[in-house]
Amino acid sequence: MTREKEWEDRVKRLLKAELARKGVTYAQLVGKLADIGVMDSEPNIRNKISRGKFTAVFLLQCLEAIGTSDLRL
């Protein structure tokens, strides 16, 4: 596994863990993102997270949308 892939897997697990901790589904995430002005479709969000290839901006938007203010790395 390449080092880049390891980082992608780590960030994907981090975001999925936060969604699970908050009990937020992808469908709910779409709505919560829309509430803060981020428009995206559920399939697109599901694919981004599944691949682990998304920007730091998207990560922060998701965390803000679900009400996460602290992360454990």
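With a 1.4 Å probe and all protein chains left in place, how much of the accessible area of the stretch 5-73 comes from carbon and sulfur atoms, in whole percent? It is 53 percent, rounded to a whole number. To the nearest ten degrees, helix 26-35 and the longest principal axis of the Cα atoms of the chain are 60 degrees apart.
Taking 0.36 nm per residue of sequence separation and removing the Cα-Cα distance, the R72/M39 pair yields an extension gain of 9.1 nm. For the stretch 52-62, the Karplus equation 6.51 cos²θ - 1.76 cosθ + 1.60, evaluated at θ = phi - 60°, returns couplings of x, 10, 8, 7, 4, 4, 4, 4, 5, 4, 4 Hz by residue, with Gly and Pro reported as x.
Computed from Cα positions, the angle between helix 3-22 and the longest principal axis of the chain comes to roughly 30 degrees.
Protein heavy-atom accessible surface, 1.4 Å probe, per residue over the chain: 67 Å². With the convex hull of its Cα atoms as the shape, the chain has an orientation-averaged projected area of 4.7 nm².
The values are calculated or read from the model by the stated rules, or taken from the named source; none is laboratory data. Just so we're clear, the structure is a prediction, and the values are computed from it rather than from any experiment. Ligands, DNA and RNA are excluded from the accessible area calculation, which covers all protein heavy atoms including side chains. Shrake-Rupley method; radii C 1.70, N 1.55, O 1.52, S 1.80 Å.
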